[in-house]
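Written below as C-alpha coordinates is the structure these notes are about.
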Amino acid sequence: MTERISTLYTAAEIAVRVAALGVQIARDFEGQRIVLVCVLKGSFVFTADLARAIDGNVRCEFLGVQSYGEGTESSGVVQITQDLTRSVENEHVILVEDIVDTGLTIAHLLELFRTRRPASVKVCALLHKPARTRVEVPIDYLGFTIDDKFVVGYGLDFNQRYRNLPFIGVVEQD
Ligand code: PRP
(Lines give C-alpha, C1' and ligand atoms only; values in the text may rest on other atoms or scores of the structure.)
Protein backbone atom coordinates (compact mmCIF):
# COMPACT_ATOMS: atom_id res chain seq x y z
CA MET A 1 0.00 0.00 0.00
CA THR A 2 1.29 3.44 -0.86
CA GLU A 3 0.18 6.41 1.20
CA ARG A 4 -0.35 9.93 -0.07
CA ILE A 5 1.88 12.34 1.78
CA SER A 6 1.42 16.09 1.73
CA THR A 7 4.15 18.46 2.88
CA LEU A 8 3.65 20.12 6.25
CA TYR A 9 7.11 21.64 6.72
CA THR A 10 9.73 21.75 3.99
CA ALA A 11 13.37 20.88 4.65
CA ALA A 12 14.17 24.60 4.43
CA GLU A 13 11.51 25.53 7.01
CA ILE A 14 12.78 22.83 9.36
CA ALA A 15 16.37 24.03 8.94
CA VAL A 16 15.38 27.58 9.94
CA ARG A 17 13.68 26.37 13.15
CA VAL A 18 16.47 23.97 14.05
CA ALA A 19 19.07 26.72 13.57
CA ALA A 20 17.06 29.01 15.88
CA LEU A 21 16.79 26.28 18.53
CA GLY A 22 20.55 25.74 18.30
CA VAL A 23 21.22 29.45 18.88
CA GLN A 24 18.80 29.53 21.83
CA ILE A 25 20.40 26.46 23.45
CA ALA A 26 23.95 27.73 22.89
CA ARG A 27 22.99 31.04 24.52
CA ASP A 28 21.28 29.38 27.51
CA PHE A 29 24.24 27.07 28.16
CA GLU A 30 27.08 29.44 27.33
CA GLY A 31 30.31 28.20 28.89
CA GLN A 32 28.71 24.93 30.02
CA ARG A 33 28.83 21.39 28.76
CA ILE A 34 25.67 19.86 27.33
CA VAL A 35 24.65 16.24 26.83
CA LEU A 36 22.12 15.80 24.04
CA VAL A 37 20.17 12.61 24.68
CA CYS A 38 18.69 11.40 21.41
CA VAL A 39 15.54 9.38 22.14
CA LEU A 40 15.54 6.67 19.48
CA LYS A 41 14.46 6.04 16.92
CA GLY A 42 12.49 9.06 15.76
CA SER A 43 14.92 11.70 16.98
CA PHE A 44 18.01 10.60 15.11
CA VAL A 45 17.63 13.05 12.23
CA PHE A 46 16.63 15.98 14.44
CA THR A 47 19.46 15.31 16.90
CA ALA A 48 22.03 15.18 14.11
CA ASP A 49 20.96 18.58 12.81
CA LEU A 50 20.43 20.12 16.25
CA ALA A 51 23.88 19.05 17.46
CA ARG A 52 25.47 20.81 14.50
CA ALA A 53 23.36 23.93 15.10
CA ILE A 54 24.71 24.37 18.63
CA ASP A 55 27.93 26.34 18.84
CA GLY A 56 29.05 24.96 22.17
CA ASN A 57 30.44 22.05 24.14
CA VAL A 58 28.17 19.16 23.20
CA ARG A 59 28.30 15.43 23.59
CA CYS A 60 25.65 13.03 22.36
CA GLU A 61 24.10 10.00 23.97
CA PHE A 62 21.50 7.67 22.52
CA LEU A 63 18.62 6.19 24.44
CA GLY A 64 16.62 3.35 22.94
CA VAL A 65 13.03 3.35 24.11
CA GLN A 66 10.07 1.25 23.23
CA SER A 67 6.63 2.28 24.28
CA TYR A 68 3.93 -0.30 24.74
CA GLY A 69 0.54 0.95 23.76
CA GLU A 70 -2.60 0.16 21.87
CA GLY A 71 -2.32 0.98 18.18
CA THR A 72 -0.65 4.33 17.68
CA GLU A 73 -1.21 5.54 21.25
CA SER A 74 1.60 5.16 23.75
CA SER A 75 0.78 3.86 27.21
CA GLY A 76 3.52 5.55 29.16
CA VAL A 77 5.04 2.17 29.91
CA VAL A 78 8.44 2.77 28.41
CA GLN A 79 11.05 0.07 28.14
CA ILE A 80 14.68 1.10 27.79
CA THR A 81 16.05 -1.02 24.96
CA GLN A 82 19.45 0.69 24.83
CA ASP A 83 20.83 2.71 27.71
CA LEU A 84 23.35 5.56 27.78
CA THR A 85 27.00 4.61 27.44
CA ARG A 86 28.21 7.09 30.06
CA SER A 87 26.82 8.59 33.25
CA VAL A 88 25.22 12.04 33.02
CA GLU A 89 25.73 12.80 36.71
CA ASN A 90 26.36 16.52 37.27
CA GLU A 91 25.92 17.27 33.58
CA HIS A 92 23.34 19.41 31.78
CA VAL A 93 21.04 17.04 29.90
CA ILE A 94 18.74 17.93 27.03
CA LEU A 95 16.29 15.17 26.06
CA VAL A 96 15.77 15.43 22.32
CA GLU A 97 12.45 14.18 20.98
CA ASP A 98 11.02 14.30 17.49
CA ILE A 99 7.48 14.60 18.84
CA VAL A 100 5.62 15.03 22.10
CA ASP A 101 2.21 13.51 21.57
CA THR A 102 0.43 12.33 24.76
CA GLY A 103 3.45 13.42 26.81
CA LEU A 104 3.65 10.01 28.48
CA THR A 105 7.08 9.10 27.11
CA ILE A 106 8.74 12.35 28.17
CA ALA A 107 7.01 12.25 31.56
CA HIS A 108 8.46 8.79 32.12
CA LEU A 109 11.92 9.80 30.91
CA LEU A 110 11.97 12.89 33.14
CA GLU A 111 11.25 10.62 36.12
CA LEU A 112 13.98 8.23 35.02
CA PHE A 113 16.57 10.96 34.55
CA ARG A 114 15.91 12.38 38.00
CA THR A 115 17.48 9.18 39.37
CA ARG A 116 20.61 9.78 37.27
CA ARG A 117 21.45 12.98 39.15
CA PRO A 118 22.20 15.35 36.27
CA ALA A 119 22.90 19.04 36.97
CA SER A 120 19.72 19.84 35.02
CA VAL A 121 17.30 18.24 32.54
CA LYS A 122 15.60 20.12 29.73
CA VAL A 123 13.35 18.91 26.94
CA CYS A 124 13.76 19.82 23.29
CA ALA A 125 11.05 18.61 20.92
CA LEU A 126 10.73 19.33 17.24
CA LEU A 127 6.96 18.82 17.24
CA HIS A 128 4.18 19.09 19.81
CA LYS A 129 0.64 17.86 19.30
CA PRO A 130 -1.32 19.52 22.14
CA ALA A 131 -4.65 17.99 21.05
CA ARG A 132 -3.38 14.61 22.25
CA THR A 133 -1.98 15.70 25.62
CA ARG A 134 -2.63 13.25 28.46
CA VAL A 135 0.02 14.56 30.80
CA GLU A 136 1.43 18.07 30.76
CA VAL A 137 5.20 18.07 30.35
CA PRO A 138 7.60 20.98 30.11
CA ILE A 139 8.95 21.56 26.61
CA ASP A 140 11.82 23.99 27.03
CA TYR A 141 12.73 24.16 23.36
CA LEU A 142 10.05 23.58 20.72
CA GLY A 143 10.18 23.57 16.93
CA PHE A 144 6.54 23.54 15.85
CA THR A 145 3.09 23.06 17.37
CA ILE A 146 0.99 20.89 15.08
CA ASP A 147 -2.61 19.74 14.66
CA ASP A 148 -3.72 16.19 15.38
CA LYS A 149 -2.47 14.73 12.08
CA PHE A 150 -0.30 11.67 11.51
CA VAL A 151 3.09 13.05 10.52
CA VAL A 152 6.07 11.33 8.95
CA GLY A 153 9.52 12.20 7.70
CA TYR A 154 12.62 13.81 9.21
CA GLY A 155 12.94 10.75 11.46
CA LEU A 156 9.23 10.08 12.04
CA ASP A 157 7.80 6.85 10.71
CA PHE A 158 4.68 5.11 9.51
CA ASN A 159 5.23 1.38 10.07
CA GLN A 160 8.98 2.13 10.20
CA ARG A 161 8.97 3.76 6.77
CA TYR A 162 9.37 7.39 5.65
CA ARG A 163 11.95 8.28 8.34
CA ASN A 164 14.25 9.24 5.46
CA LEU A 165 12.01 11.96 4.00
CA PRO A 166 13.88 15.28 4.27
CA PHE A 167 10.61 17.12 4.99
CA ILE A 168 7.75 16.57 7.43
CA GLY A 169 4.60 15.35 5.77
CA VAL A 170 1.08 14.37 6.68
CA VAL A 171 -0.21 10.93 5.78
CA GLU A 172 -3.50 11.53 3.99
CA GLN A 173 -6.25 9.06 4.78
CA ASP A 174 -8.29 8.09 1.74
C1 PRP B 1 7.32 8.53 19.34
C2 PRP B 1 8.23 9.72 19.66
C3 PRP B 1 8.19 9.78 21.16
C4 PRP B 1 6.81 9.25 21.49
C5 PRP B 1 5.92 10.40 21.80
O6 PRP B 1 8.07 7.37 19.43
O7 PRP B 1 9.53 9.53 19.18
O8 PRP B 1 9.20 8.99 21.74
O9 PRP B 1 6.32 8.56 20.35
O10 PRP B 1 4.64 9.94 22.13
P11 PRP B 1 3.95 10.27 23.52
O12 PRP B 1 4.14 11.72 23.83
O13 PRP B 1 2.51 9.92 23.24
O14 PRP B 1 4.53 9.39 24.57
P15 PRP B 1 7.57 5.98 18.81
O16 PRP B 1 6.92 5.17 19.89
O17 PRP B 1 6.77 6.24 17.58
O18 PRP B 1 8.94 5.25 18.47
P19 PRP B 1 10.10 5.69 17.46
O20 PRP B 1 10.73 6.97 18.01
O21 PRP B 1 11.03 4.54 17.51
O22 PRP B 1 9.48 5.91 16.11
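The values are calculated or read from the model by the stated rules, or taken from the named source; none is laboratory data. Since we're looking at a predicted model, the values are computed, not measured. Note that we place each Cβ from the backbone using ideal geometry, even for glycine, and neighbour counts take in every protein chain shown.
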Quick one: which strands (runs of 3 or more DSSP E) sit completely within region 31-149 and have at least 1 residues that are within 14 Å of the ligand (Cβ to nearest atom), touching a residue at least 24 places away in the same chain (Cβ under 8 Å) and closer than 30 Å to A12 by Cβ?
33-40, 57-68, 92-100, 120-128, 141-145
Looking at (1) in contact with a helix residue (DSSP H, G or I) (Cβ under 9 Å, 6 or more places away or on another chain); (2) more than 27 Å from R132 (Cβ to Cβ), which is the one condition that is false for D83?
(1)
Output the residues belonging to region 161-174 that are over 16 Å from the mean Cα position of the chain (by Cα), closer than 23 Å to Q66 by Cβ and surrounded by fewer than 18 Cβ atoms within 10 Å (Cβ to Cβ).
R161, V171
Meets criteria (more than 22 Å from A12 (Cβ to Cβ), surrounded by 18 or more Cβ atoms within 10 Å (Cβ to Cβ) and within 16 Å of the chain's Cα centre (by Cα)) for L156:
no
Residue list for region 66-83, filter: surrounded by 16 or more Cβ atoms within 10 Å (Cβ to Cβ) and at pLDDT 95 or above
none
Just checking, does region 48-56 include any residue being over 16 Å from the mean Cα position of the chain (by Cα) and over 16 Å from A125 (Cα atoms)?
yes
Checking I168 against (1) within 17 Å of L40 (Cα to Cα); (2) modelled with pLDDT of 95 or more; (3) of a type outside the set (G, A, S), only one condition comes out false. Which one?
(1)
Output the number of the condition that N90 fails; it satisfies all remaining conditions of (1) at negative phi; (2) exposed (fewer than 12 other Cβ atoms within 10 Å of the Cβ); (3) at pLDDT 95 or above.
(1)
